[in-house]
Each structure stands twice: as structure tokens, then as C-alpha cells.
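All remarks here apply to the structure that follows.
The values are calculated or read from the model by the stated rules, or taken from the named source; none is laboratory data. Please read these numbers as outputs of a predicted model, since none were measured by experiment. Heads up, the Cβs are rebuilt from the backbone with ideal geometry, glycines too, and the neighbour counts pull from every protein chain shown.
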Amino acid sequence: MESMKRVHLTMVGILFVFFGFAQVDKDAKMHQFVNTLMSKMTLEEKLGQLNLPASSDFVTGAVSSSDIADKVKAGKVGGVFNIRSVTKIKELQQYAVNNSRLHIPLLFGMDVIHGYKTIFPIPLGMSATWDMELIKRSASIAASEASADGIQWTFSPMVDLTRDPRWGRVSEGNGEDAFLSSAIAKAMVHGYQGDDLSAPNTILSCVKHYALYGAAEGGRDYNTTDMSRVRMYNEYFPPYKAAVDAGVASVMMSFNEVDGIPASGNKWLIDNVLRKQWKFNGFVVSDYTGIPEMTNHGVGDAQTVNAMSMNAGVDMDMVGEGFLNTMKKSLQEGKVTLAQINKACERILISKYQLGLFDDPYRYCNEQRSATEVFTTANRAEARRIAAQSFVLLKNNNVLPITPGKKIALVGPLANAKENMTGTWSVGADNSKSISLLKGLTDAIGNNGKLVYAMGSNLEDDLEMQKRQTLFEKDIARDNRSADAMIQEALAISADADVIVAALGEGAESSGESASKSNIDIPEAQKRLLKALVATGKPVVLVLFNGRPLTLNWENENVPAILDVWFAGSEAGDAIADALLGKVNPSGKLSMSFPQNVGQIPIYYNHKNTGRPLTGKWFSKFQSNYIDVSNEPLYPFGYGLSYTNFEYGDVQVSSNALKGNQKLTVSVDVKNTGAVAGKEVVQLYIRDVVGSITRPVQELKGFNKIDLAPGETKTVSFEVTPELLKFYNSDLKFDWEAGEFQMMVGPNSKEAKAVIVNWSK
């Protein structure tokens, strides 16, 4: 037996050596190719590789007369983004390869954020699944579809941590927690890039926006960010680092400043942290005109900021064309070095090599794949399944699920708004093919019940405000009748209904880039409608469409059932119908706290204790609280109900006293006490009670999504090691400190049960 073990280990060693040498040989071949190519390039051609323009669309067959053709021919373009269709991409790639001096292929990118043609829930909705396999699967499908249409590079995932729902781009992120967002970052990168970037169904991933973009003051997009480095490292940096650790190919800079220096010109941020500390070896790209916008920050003129970005470590200039136009002069004046330009060029060329573009520039331009592998029946079925897992049941007074045979009155401006189902940043979507809630419910009910519909209200009373929320071909029809007439119609069709479903909330572009809001209530036009529906005394279900946490105090107090469906993607209507009718039991959990009002913002579960924490019931004078509202969110981080009930037992630990690198097992029994099967996300939180710096009152450190049949009990266990206890101290040393720790397990951050353990070094 022992000899067999030795043989096995020997074979493992041989294989390791073989594949290790094979990889070294492969890397050497790549570098030799790139170095040889660069030896033939002029300075202008090297700078051209660093130029990423956005191409205006062109008619098929007319690429040579497009606005980008001359630059491509002159070798002044390294990549292009936002060209749509495999035919146009192939045409431009052919032009570049056949007409440029060195025949270097172009890199084609696009904002493939939460799906390409098959659209999944917005990222904030996806994060509510707490299911890394589903999230990875969605990215893999997106990569497969995008690559079939010629796209090789996506500007995703966005992992900007945020605690301010006024910021519109919360819709594109993963919420308020670093641990959860880090797990999602890894899943997304692996989904996009797979195991082999040269495979034609994988694409380059680009983590963004580096860094701290989600902490913009006042929740106002593009605004100033300022925070301590301790906070950066402990709370905001981890998701970016997680993406780097997962092998992300590229990093996009943010618009904000960090320590008073705009991110795209911040050498400490890029060269020190990203490259030296985190060992990132991919390429760095600015955001859209991010480099020339540095002049608005007030750090220099055009030539100065371009040189500043190059010196900081930015490799590719998105749209600004400053590298192309000013870098030669900066080189002559000694403001940048040729070595810096060469290194940036090398990184871009290496990425193209890894994609296999030098072997076959058209490997991503397969018309057959485009015709047969995009927006397929199978992909749409996956999107429907995944969407249903993202819904969060916020309240349910025995109204849901709706039993068969009922008469349903469907009301609201978002009930028949298929164009709005995909939400923001759904660039590749064909919104005309999305499934509205009206269609989804109609198809699902069939002859087993009755469905009536009325719009009930406009999205907004103010036409201009509505236009801001329905950009990019996401129009919602307006009714020119009076608000009262529309409400009366809704009440009339609801008169003999068994249940009213109110499809209300935000328009698709109410959240996203440049969509910050100071008021995060449901719009008044819709709230009037909702109050009238509730006043009928009939059971009302609020189906909430939103790209951010909203303030829902009145709704929570008065509406019997609330189902948050975010913007669930191209298959939204069918997925929502599945949940409303009980085909799917909602299992989503919030990744971001819902405030009671905007005055509580920023509000997040892992806050510090302060020197005067609220120790009793609100209100207590001379303690940290508000006069007019409690400290608690309306719905806490990790919260979400089910059509069944889950009972948690007491938390059990394998030991109450540990030392050094011992492992701790934290366990809890969870029982489904209801009558239907359901999924539950069991969450582990840890509190480091005493530290050399102040520590949060709790931190998510583990989660497990389980399936439970009616009456079934499962024991859920978490392994805790000192690695989970580590944090960055005041010297930015990443380590753990001995002492007392609370191990908390529960269904959300507010209801977790605790056990104390002592851990010495």
C-alpha cells in the first residue's frame, strides 16, 4: 500500500513538473512573439495600441468610410468598443488586419454587464440570490453570447462597495458588504474568463471602478470620495483584490479622486497597491474620458494629466485620445519614459495573444455561432430560473402565493412595460422581446383563473421626470387622462377581483450611471394609486421594480404583501409569474439595507459601535441615535422571507477556547416548519469584541444556501480559522488579534444568535 502511495505521489510530481514546464514554455513563446512584434513598431503604433475609441455605428459594407477607418489604417487604434453585430465587427477586424502596416488585430469591448442578449437581473438583484454558482453561470452565458457576436472584452464586474442608495450605480454593484461582494467578484471573473482565455466562448473581464467610486459624497455620481486608508483596506478594497486574485485580465479606473488625486492619475493606487501589493499583471484602462476629465479636477492641463496617468500606470486611454496626441511630446520633454510606453503596449498585446487573436483574428466572428448560440431557448430558460431566485419577499400576510382559479387585477405603469424589464446597462438587449408582467401572468394563468388589467397611473406626474427614467428605448406609455380618471378605472376593474397585483416602482433608467436621486420614495403618482387600491380592503400585492433600496415605510405598514423583483431581465414577466403563483418559492436575501428614510443614509449593518452606543430602546438622550427615527433599517442586510418558515436552533461551537491556528466549527440546526419546500441562506457573522483599532459590531464571514423539504432539518456548519479573523490594523498590517469573538448565525444580520469564544495566539 505504501509503495502504491509513493508511485502515486511520484506520478503527481511528474505531471506537475510537466505542466509547469509546459506553462513556462508557453509563456516564453508568448513573450518572444510580443517582443519581436514590438521591435517592428514605431512609437506612433505603440501609442496606437493604447488608444480605445468608441466607434459610432456604420452601415455594413462601409467601414472604409467610417470615422474610425483612417486611424485604424494608420495603426492608431488598439481596440474599439460598443460596435454591435458580428458582421460589423468582422468587417472592421478585416480592415484592421488587411490595411494596417503590422496587421495587428483589434480588441473589441462592450458593456456586457448582466447579460448580452439574454439579460439576467441587474447586478444588485443577482447579488440577492447569494448563489455563486448561479452568478457564475449567468456570466458564463453572457460571455458565450457576447463572444459569438464578436465581443472579446466586457467591462464587468462592477464591485464598488456602497452604503448610499441615492447613488444610481448601486444597481450595478453587489451591495454594502465586502465579503459577499468579494465572493461575487470571483464568481463573475471565473464565469467570463473560464479556464482558458483562448477558448472562443470566453472573454476578458474588467473589474471596475478602481477605486472607492461607490463612496461618492452625497450619493452624487462622479463626486468626490475621501476616506482613511484603514477603511479603504478593510471595507472597500477587498472586492477589487478578490477579482485580481481570481485572475481578472483588466482593471478600469474610477472617476473620483483618492487621497486628493484623481484615480486615473494615482500612482499609489495603481502602481503601489494594485501592481506591487496585489501582484496584478493585466492591463489598466481608464473609464470613458476619465483622463481628460482630470483637468476638471484641477491637477493640470491636457498634456500634464496624460503624462500623469502614464506615470501612474494606466495602460489604455478610453476615448480621450490624449496618449495618442500628447505622449510623444511628453516623451521628448522627459515627462514620461519609453520604457513606460513599451510596458503599456506589451500588456495590451499580451491580452490579444492570450485571446488567440494573433492565431486567428476572426475566432470571435463566427456568423453561425451568432445565429444559433445567442438568445437561445435554453439561455432564456436559465435566465428565467435565475431571475426567480433573485426576488426578495419583503412582506407577506398570507396573500402569496396566489392560489389557482383566482381573479387577479393587475394594475400599474410597470405591468405592461416590457422595455423596462431589463433595467439599466442592458446594452445588447432586444427589449422588444422581453416578457412583461402582463404577458407572463396571462400565459401562466391560462384558463385557470382570470386576469384583468389597467395602467392606473403614469410612472411620474412630471413628463420630464419620466423621460429621465425611460431613456435608451425604454419608453413607458403615458396616459393623458387625469390621475383621478386612471385611478377610477383601476378601482373599477378591481371591484370583483380576489387579489390586486400592483406593479410599481422605478423606471429602468431611474438607477444606473448619472441617475442619483435625493428622494428614494415610490413616485407620488404611483403612491396615490397604491393608497387607493389598499383602501378597497382587498388583498394587495406590491410587485416592486427598483434598481436601489427605496424608502417603503407606508408600504410596509399598509400593504399586505411586497415582492421586490428588481429589474429581472428579459424573462422577467415569466419569472415573476412563477413566484406570484407559487411555482417558485422566493429565496432572495437583501445585499443592501433598506433605510426608513434618507436621513439615515449611509446605513449599513457592519457599522462601528461608537463611544455612546444605543444600549436601550430608542429614544435615549446622550446616546447615539436620532430624535425622529430609530437607528434600525426598515429591512436589514441579509433579510428576505419565504412562503415557508424556518426555525433556527441554538448556535453550537466545537470549542469555547482556542489557540493559534486551531479550527473552530460553528453549527446550527435549521428546520423547515412550513408546508412547502424552500431555500434558506444561513449566514455567519463574527464580532471581534476588542481590537487595536475599533471594529464593526458584526461582519459577514460565511453563508450557505440550503434546500429544505417541509419538516426537514439540516445542520449547517461553518469552519472558522484565524484567516477569517484578520483585518488591517493602523499600520495596514493584515493580521488577527487574540481575544473574545462573538460567533453569530441567523437568517439575516439583525436576527443572528450569538455564542462567545476566546481565541489566544
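If you go through segment 72-96 one residue at a time, how many are surrounded by fewer than 18 Cβ atoms within 10 Å (Cβ to Cβ) and part of a helix (DSSP H, G or I)? Here the count works out to 3. Of all the listed residues (SER286, SER264, SER254), the sole one being surrounded by 24 or more Cβ atoms within 10 Å (Cβ to Cβ), in contact with a helix residue (DSSP H, G or I) (Cβ under 6 Å, 6 or more places away or on another chain), in the same structural domain as SER309 (by TED's automatic domain parsing) and in contact (Cβ under 8 Å) with a residue 60 or more places away in the chain is SER254. Applying the condition of being surrounded by 20 or more Cβ atoms within 10 Å (Cβ to Cβ) and farther than 30 Å from ASN431 by Cα to segment 101-120 and asking which residue is nearest to the chain's Cα centre (by Cα) yields PRO105.
Restricting VAL629, VAL543 to those that are touching a residue at least 24 places away in the same chain (Cβ under 8 Å) and more than 24 Å from the chain's Cα centre (by Cα) reduces the list to VAL629. When you look at ALA532, is it in contact with a Gly (Cβ under 6 Å, 6 or more places away or on another chain) and not in a strand (DSSP E or B), yes or no? So ALA532 does not fit the description; no.
When segment 581-608 is filtered for residues that are touching a strand residue (DSSP E or B) at 6+ places or on another chain (Cβ under 8 Å) and either surrounded by fewer than 21 Cβ atoms within 10 Å (Cβ to Cβ) or polar (S, T, N, Q) (or both), the ones remaining, listed by number, are ASN585, SER587, SER593, GLN596, ASN597, VAL598, ASN606, HIS607, LYS608. Count of segment 78-111 residues, restricted to those that are of a type in the set (Ser, Thr, Tyr) and under 24 Å from PHE33 (Cα atoms), is 2.
Which is within 30 Å of LYS395 (Cα to Cα) and surrounded by 13 or more Cβ atoms within 10 Å (Cβ to Cβ), of VAL720, VAL697, VAL757?
Only one candidate qualifies: VAL697.
Scanning segment 555-582 for residues that are in a loop (DSSP other than H, G, I, E, B) and either outside the structural domain of SER434 (by TED's automatic domain parsing) or free of Cβ contacts under 8 Å to residues at least 12 places away in the same chain (or both) yields nothing. Applying the set (1) surrounded by fewer than 20 Cβ atoms within 10 Å (Cβ to Cβ); (2) within 30 Å of TRP425 (Cα to Cα); (3) of a type outside the set (S, T, N, Q) to LEU634 leaves exactly one unmet item: (1). Scanning for something among the aromatic types (Phe, Trp, Tyr), farther than 18 Å from PRO262 by Cα and assigned to a loop (DSSP other than H, G, I, E, B), does segment 167-188 turn up at least one residue? Scanning segment 167-188 turns up at least one residue that is among the aromatic types (Phe, Trp, Tyr), farther than 18 Å from PRO262 by Cα and assigned to a loop (DSSP other than H, G, I, E, B).
When LYS705, LYS750 are checked against the criterion of being assigned to a strand (DSSP E or B) and at pLDDT 95 or above, LYS705 stands alone in meeting it.
Residues in segment 41-84 that are within 15 Å of VAL97 (Cα to Cα), touching a strand residue (DSSP E or B) at 6+ places or on another chain (Cβ under 6 Å) and modelled with pLDDT under 95: 0 in all. Considering segment 727-750 alone, what residues qualify as being out of contact with any Pro (no Cβ under 7 Å at 6 or more places or on another chain) and either basic (Lys, Arg) or loosely packed, with under 14 Cβ neighbours inside 10 Å (or both)? Across segment 727-750, the qualifying residues are SER730, ASP731, LEU732, LYS733, PHE734, ASP735, GLU740. A single member of GLY334, GLY320 is surrounded by 24 or more Cβ atoms within 10 Å (Cβ to Cβ) and assigned to a loop (DSSP other than H, G, I, E, B), and it is GLY320.
Right, SER100: in contact (Cβ under 8 Å) with a residue 12 or more places away in the chain, farther than 19 Å from THR422 by Cα and of a type in the set (S, T, N, Q) or not? It would help to see each step written out before you state the result.
On the way: in contact (Cβ under 8 Å) with a residue 12 or more places away in the chain: yes; farther than 19 Å from THR422 by Cα: yes; of a type in the set (S, T, N, Q): yes.
In short, yes.
Return the residue satisfying two criteria in turn: it lies in segment 189-217 and is in a helix (DSSP H, G or I) and touching a residue at least 40 places away in the same chain (Cβ under 8 Å), and of such residues it is farthest from THR154 (Cα to Cα).
Filtering segment 189-217 for residues in a helix (DSSP H, G or I) gives 189-193, 213-215, 217.
Pick out the ones that are also touching a residue at least 40 places away in the same chain (Cβ under 8 Å) and you get 189-193, 213-215.
Numbers: VAL189: 10, HIS190: 13, GLY191: 12, TYR192: 8, GLN193: 10, TYR213: 19, GLY214: 20, ALA215: 23 Å.
Per the stated criteria, the residue is ALA215.
Do we have any residue at all in segment 129-148 that's of a type outside the set (Gly, Ala, Ser), more than 18 Å from ASN379 (Cβ to Cβ) and without any contact (Cβ under 8 Å) to a residue 24 or more places away in the chain? Within segment 129-148 (the criterion being of a type outside the set (Gly, Ala, Ser), more than 18 Å from ASN379 (Cβ to Cβ) and without any contact (Cβ under 8 Å) to a residue 24 or more places away in the chain), the answer is no, since none of the residues qualifies.
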